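Below is one structure; the comments refer to it alone.
The values are calculated or read from the model by the stated rules, or taken from the named source; none is laboratory data. Please read all numbers here as calculations on a predicted model, not as lab measurements. Methodologically, a virtual Cβ is constructed for each residue, glycine included, from the backbone with ideal geometry; neighbour enumeration extends over all protein chains shown.
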Amino acid sequence: MNKKRATSTIRVFAAILFAFSFMFFSQVTAAENSGDLKVKGQVKAVTNKAKTVSVKVKGKGLMLFKFNDSTKFINFTKTKEIKYPTAVVVKYKVEGPDNVALSIKKALISLPEGVTEIKTDEVVALVEKGPEAGNYFLVDARPVSVASAAHIPTAVSIPVPMLKKKGKELLPADKNTLLIFYCGGPT
C-alpha cells in the first residue's frame with residue numbers, strides 16, 4: 001500500500017512538474033516572440049543575397065539576424081551603408097530557429113558636454129578659407145595607416161592613442177581656435 005501511495009505521489013509530482021515546465025517554456029517562447037528583444041554589437045558581415053546581418057554581441061558572441069521588407073532601417077536606408085565594424089542596435093524576435101530583425105539602427109555616440117557637432121558644409125567652408133583665416137585646427141583622429149591613404153585637406157593626423165598621451169602638446173595653445181576632430185564614421 002505504501003508503495004502504491006509513493007508511486008501515486010511521484011506521478012502527481014511528475015504531472016505538476018510537467019505542467020509547470022510547459023507553462024514556463026510557453027512563457028519564454030511568448031516573450032521571445034513578443035519582439036521586445038534587443039542587442040547592441042559590432043556588425044561583422046552583411047549579406048544582401050541571404051538577407052542576413054552578423055553582429056558580434058558582448059557576452060553572446062556572433063549572432064545572425066535575418067532582415068526582410070518589414071525590417072525598419074533607422075538612420076540609414078540601405079544595408080550597403082553599414083561599414084564594418086559599425087555599432088548597431090538590433091530589435092528582433094525569435095521565429096523558430098531564426099532571429100528576425102524588426103529594426104536595425106546605427107548606434108551613434110553621444111557627444112560629451114560642451115562638444116558640438118559641426119556639419120560637413122561648415123567644414124568645407126572652413127577648409128576653403130584655410131586654418132589661419134578660418135581660425136580652426138582640423139584633426140584626423142583615425143589610425144595613421146588609414147589617414148595616410150586619404151584625408152581632408154589641412155587636416156593633421158593625430159590618432160586617438162596619441163591624443164590621449166600627448167594631446168596637450170600637439171593641439172594649439174590658443175583656446176579660441178576651433179578644434180575639429182573626425183574619425184572613420186558618424187558621431
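Only one residue in PHE137, PHE181 is under 28 Å from the mean Cα position of the chain (by Cα) and surrounded by 14 or more Cβ atoms within 10 Å (Cβ to Cβ). Which one? Result of the check over PHE137, PHE181: PHE181.
Considering each of VAL100, VAL115, VAL124 in turn, give the residue that is in a helix (DSSP H, G or I) and among the β-branched types (Val, Ile, Thr).
VAL124
Taking (1) at pLDDT 90 or above; (2) not assigned by TED's automatic domain parsing to the domain that holds ASN68 in turn, ALA101 satisfies each apart from (2). On inspection, TYR92 does not qualify as of a type in the set (Phe, Trp, Tyr) and under 26 Å from TYR182 (Cα atoms).
For every residue, the table says whether it meets (1) surrounded by 14 or more Cβ atoms within 10 Å (Cβ to Cβ); (2) closer than 28 Å to LYS44 by Cα.
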position	(1), (2)
LYS60	no, yes
THR86	yes, yes
ASP98	no, yes
SER103	yes, yes
THR116	no, no
VAL124	no, no
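Could you tell me whether the stretch 116-130 includes any residue that is on the phi < 0 side of the Ramachandran plot, in contact (Cβ under 8 Å) with a residue 60 or more places away in the chain and not basic (Lys, Arg)? Yes, there is a match, as at least one residue in the stretch 116-130 is on the phi < 0 side of the Ramachandran plot, in contact (Cβ under 8 Å) with a residue 60 or more places away in the chain and not basic (Lys, Arg). Looking across the stretch 86-131 at every residue that is more than 20 Å from the chain's Cα centre (by Cα) and of a type in the set (Gly, Ala, Ser), the one that is farthest from SER54 (Cα to Cα) is identified as GLY130.
Within the stretch 124-148, which residues are over 18 Å from PRO172 (Cα atoms) and aliphatic (A, V, I, L, M)? Listed by number, the residues that qualify are VAL124, ALA125, VAL144, VAL146, ALA147.
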